[in-house]
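The values are calculated or read from the model by the stated rules, or taken from the named source; none is laboratory data. On a predicted model such as this, the values are computed, not experimentally measured, just so you know. Quick reminder, even Gly has a Cβ in these numbers, built from the backbone with ideal geometry, and neighbours come from all protein chains shown.
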Amino acid sequence: MGPMGFSPSRKNPQLCGRCFEMIPMGGHEMEVGVLFADIRGFTTFAENEEPDQVVDLLNRFYGCAVEVLCQHSIVDKLVGDEVMALYLPGLFEGDPVSDMLADAEALLVAAGYGDDDPWVEVGVRLDYGPAFVGNVGSGEVKDFTAIGDVVNTAARLQSAAGSGEIVIAAALGERLGSDASETSPRELNLKGKSRPEKALVRSLDRR
């Protein structure tokens with residue numbers, strides 16, 4: 001049994017759910033890390049498999065993602081075949097910039113990369129920068145989330161992350177310094193962006 005009055009958050013069972021709910025509508029701007037991960041080739045898979053098999057794959061993927069990401073982040077959303085996590089400075093011990101890269105690698109390892117054949121093909125995108133963080137919505141229907149260009153950029157990096165790849169926004173790569181070794185540069189044309197976006201890519205797919 002947890003502490004008196006403690007209700008685990010659906011975004012991270014280590015955190016208090018009531019604390020998120022009691023935060024007033026609105027929020028403030030702060031630096032935040034954003035991680036997106038999704039199953040590559042999911043649409044084709046879903047078209048050719050029975051619904052129960054699709055659900056089983058999703059639940060296994062979600063389970064791995066939650067186990068890995070809840071060590072250092074809140075799982076903001078589980079949408080379709082995609083997971084979105086937020087890394088908030090001061091929420092957990094350690095450096096969120098380093099933690100998000102380590103978690104991205106751990107998630108790919110949990111998916112089976114490094115073995116001969118991963119059980120699910122996953123791509124990960126990372127960015128870090130200013131965003132509006134807080135509760136948005138209307139009345140009792142609200143959600144704690146982050147909104148800003150850093151979230152949009154991380155989401156649009158989605159199409160650039162191949163199976164077993166971690167695509168790291170250039171600004172985050174600078175913050176990582178030597179931790180961003182074993183990466184290769186890539187220039188990406190992202191939807192909605194007027195100029196190409198520079199990124200670094202680390203691949204764990206050894207097939």
Basic (Lys, Arg), over 29 Å from THR43 (Cα atoms) and in contact (Cβ under 8 Å) with a residue 40 or more places away in the chain: which single residue out of ARG175, ARG125 fits that description? ARG175
Across region 158-178, what is the total count of residues that are over 22 Å from GLY112 (Cα atoms) and either in a helix (DSSP H, G or I) or among the polar types (S, T, N, Q) (or both)? 9
I need the full set of residues from region 161-182 which are surrounded by 19 or more Cβ atoms within 10 Å (Cβ to Cβ) and more than 16 Å from VAL34 (Cβ to Cβ), in order please. SER163, GLY164, GLU165
Residues located in region 116-144, provided they are under 16 Å from the mean Cα position of the chain (by Cα) and either acidic (Asp, Glu) or farther than 26 Å from LYS198 by Cα (or both): GLU121, ASP127, PHE144
Specify which of the listed residues (LYS191, LYS198) is part of a strand (DSSP E or B) and not hydrophobic (A, V, I, L, M, F, W, C). LYS198
Residue that is closer than 17 Å to PHE92 by Cβ, surrounded by 15 or more Cβ atoms within 10 Å (Cβ to Cβ) and of a type outside the set (Val, Ile, Thr), where the choices are LEU78, LEU35, LEU57: LEU35
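Here is a check on your reading of the model: is LEU78 over 19 Å from VAL201 (Cβ atoms) and of a type in the set (A, V, I, L, M)?
yes
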For VAL124, the lone unmet condition from (1) at pLDDT 85 or above; (2) under 21 Å from PHE61 (Cα atoms); (3) in a helix (DSSP H, G or I) is (3)
Single unsatisfied condition, LYS193 versus (1) out of contact with any Gly (no Cβ under 7 Å at 6 or more places or on another chain); (2) buried (at least 17 other Cβ atoms within 10 Å of the Cβ): (2)
I'm trying to understand the selection: among the residues of region 102-154, which are acidic (Asp, Glu) and crowded, with 16+ Cβ neighbours inside 10 Å? ASP103, GLU105, GLU121, ASP127
With (1) in a helix (DSSP H, G or I); (2) closer than 22 Å to GLY41 by Cα; (3) of a type in the set (Lys, Arg) as the list, and ARG186 as the residue in question, which single condition is left unmet? (1)
Those residues of region 145-161 which are within 13 Å of the chain's Cα centre (by Cα) and of a type in the set (Ser, Thr, Tyr), in sequence order: THR145, THR153
